[in-house]
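**Q** Sharing a structure, written as structure tokens. Questions coming.
The values are calculated or read from the model by the stated rules, or taken from the named source; none is laboratory data. On a predicted model such as this, the values are computed, not experimentally measured, just so you know. Note that each Cβ is placed from the backbone with ideal geometry, even for glycine, and that neighbours are counted across all protein chains shown.
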């Protein structure tokens, strides 16, 4: 049986970043799909960021699209934060 949706969760996106090119949109979803994106990320230890306005912008992209240049700084902060969390959990 599926867990109930988080009441506040309506949309989710997932990015892939290889360190060579701009991050790309790997997944996006609404409702139950959004919940599944979050569950998969949690199962794999992927740090999560709750930023509804950014999710709204990223959800307009097509799967496989690189993030637009005007979002580079925002995404760079999130990626940096994710790396810091990952390092702290290894200690």
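**Q** Which of the numbered conditions does residue 40 fail, given that it passes all the others? Conditions: (1) over 13 Å from the mean Cα position of the chain (by Cα); (2) under 28 Å from residue 90 (Cα atoms).
**A** Among (1) over 13 Å from the mean Cα position of the chain (by Cα); (2) under 28 Å from residue 90 (Cα atoms), residue 40 violates only (1).
**Q** Run residue 35 past the list (1) farther than 14 Å from residue 17 by Cα; (2) modelled with pLDDT of 95 or more; (3) in contact with a strand residue (DSSP E or B) (Cβ under 8 Å, 6 or more places away or on another chain) and report the number of the one that doesn't hold.
**A** (2)
**Q** Another question, if that's okay. Take residue 62 and tell me if it is assigned to a loop (DSSP other than H, G, I, E, B) and at pLDDT 90 or above.
**A** Yes, satisfied.
**Q** Within region 58-78, does at least one residue satisfy the condition of being over 12 Å from the mean Cα position of the chain (by Cα), surrounded by 15 or more Cβ atoms within 10 Å (Cβ to Cβ) and under 16 Å from residue 30 (Cα atoms)?
**A** Yes; the residues of region 58-78 include at least one that is over 12 Å from the mean Cα position of the chain (by Cα), surrounded by 15 or more Cβ atoms within 10 Å (Cβ to Cβ) and under 16 Å from residue 30 (Cα atoms).
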